[in-house]
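The values are calculated or read from the model by the stated rules, or taken from the named source; none is laboratory data. Quantities reported herein were computed from a predicted structural model and do not represent experimental measurements. Here the Cβ is made from the backbone with ideal geometry for all residues, glycine too, and neighbour counts use every protein chain on show. Surface accessibility is based on the protein's heavy atoms, side chains included, excluding ligands, DNA and RNA. Shrake-Rupley method; radii C 1.70, N 1.55, O 1.52, S 1.80 Å.
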Amino acid sequence: MNRGVSTIHATISDTADGWRLDRALADAVPTLSRERLKVLINSGAVSDAAGDLSRDPSRKTAAGTMFTVAVPDPIPAHNVPQDIALNVVFEDEHLIVIDKQAGLVVHPAAGNLDGTLVNALLHHCGGSLSGIGGVARPGIVHRIDKDTSGLMVAAKTDRAHEGLARQFHDHSIDRRYKAIVAGKPMPMEGTVDAPLARSSTDRKKVAIVQGGKRAVTHYRTVKAFRTAALVECRLETGRTHQVRVHMTSIGHPLLGDPVYGRTKQAHRPLLETLNFRRQALHAAHLGFIHPIKCNVLAFESEMPADMQELFSHLNV
């Protein structure tokens, strides 16, 4: 049975002038992720006003240029292997550790049916991922937000999945994030112990709610700037949006956070100049006991280029 195709017409905005094609289209078509559009571009599903196919995601665009995107209707199962570049930090027959780039969704869901980390892992691992996570989430033991970068571990076998899941449940996984926050935390280090749950007013957001799930974040200031700071956040628990909500709760939201951060006037020009449009959050350290071999594994990841650039401009 042939799949149907939906056609989307997009015009590049003035602000996207000179941007890469995949990024400019993601700005023009918010219903499609940048990774999804990259897959569509590579597959020949994007054409310009003259009808010529645009197969280069890095092609520079001009304001006012029109493109047509042919989007195939979704298929019932979303775990389709796709050749998406991965930064593999460690891999054996039981598990794989990757350094996820910002913008990559972890698993298929509404609005992101493919072009995800799961699709990339299925291609890279030849389909050998733990089935415990279900059809849409094979191998996934934990997740980090789409626009957060950094270290993640995925399971190739059910036994590895069970062992890793147990460590996450027992809070024995060593996870440390680097975050650039507004203001300078006082005291310079401390602990935020505040339960989290879905907001009653906005189900897309997480809030501090009495009776919610226990959530504990230990933070320390690594570097203080004039109007901001680089902090390390060690997770005792791992709740959705935990670092973002906890740091906001003590008056220090993450720079660039579109959901929980209110960009200070002092930071807005810099973020606009750098075109920094995500929360400044990076999963920099991941440590755990190998679920099969029982040896201790620990991995470090440098802040990605966009956060390093932001750091360098603040550190003047």
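Of the residues making up segment 98-138, those that are at pLDDT 90 or above and either small (Gly, Ala, Ser) or assigned to a loop (DSSP other than H, G, I, E, B) (or both) number 9. Screening the candidates Asp170, Asp193, Asp145 for the property of being within 27 Å of Ile289 (Cα to Cα), surrounded by 14 or more Cβ atoms within 10 Å (Cβ to Cβ) and among the acidic types (Asp, Glu) yields one hit, Asp145. When restricted to residues that are among the hydrophobic types (A, V, I, L, M, F, W, C), open to solvent by 30 Å² or more (accessible area, probe 1.4 Å) and under 14 Å from Gly190 (Cα atoms), segment 206-222 contains 1. Which count do you get for residues in segment 228-255 that are over 17 Å from Lys204 (Cα atoms) and either in contact (Cβ under 8 Å) with a residue 60 or more places away in the chain or in a strand (DSSP E or B) (or both)? Looking only at that region, the number is 18. Pairs meeting the criteria (first residue in segment 54-78 and within 13 Å of Ala28 (Cβ to Cβ), second residue outside any loop (DSSP other than H, G, I, E, B) and at pLDDT below 75, beta carbons under 6 Å, at least 6 apart or on different chains) are lacking. When we screen Gly127, Gly163 for residues that are surrounded by fewer than 20 Cβ atoms within 10 Å (Cβ to Cβ), more than 15 Å from Arg36 (Cβ to Cβ), out of contact with any strand residue (DSSP E or B) (no Cβ under 6 Å at 6 or more places or on another chain) and not β-branched (Val, Ile, Thr), the only hit is Gly127.
Within segment 33-44, the set of residues being out of contact with any Asp or Glu (no Cβ under 7 Å at 6 or more places or on another chain) and in contact (Cβ under 8 Å) with a residue 40 or more places away in the chain comprises Ser33, Glu35.
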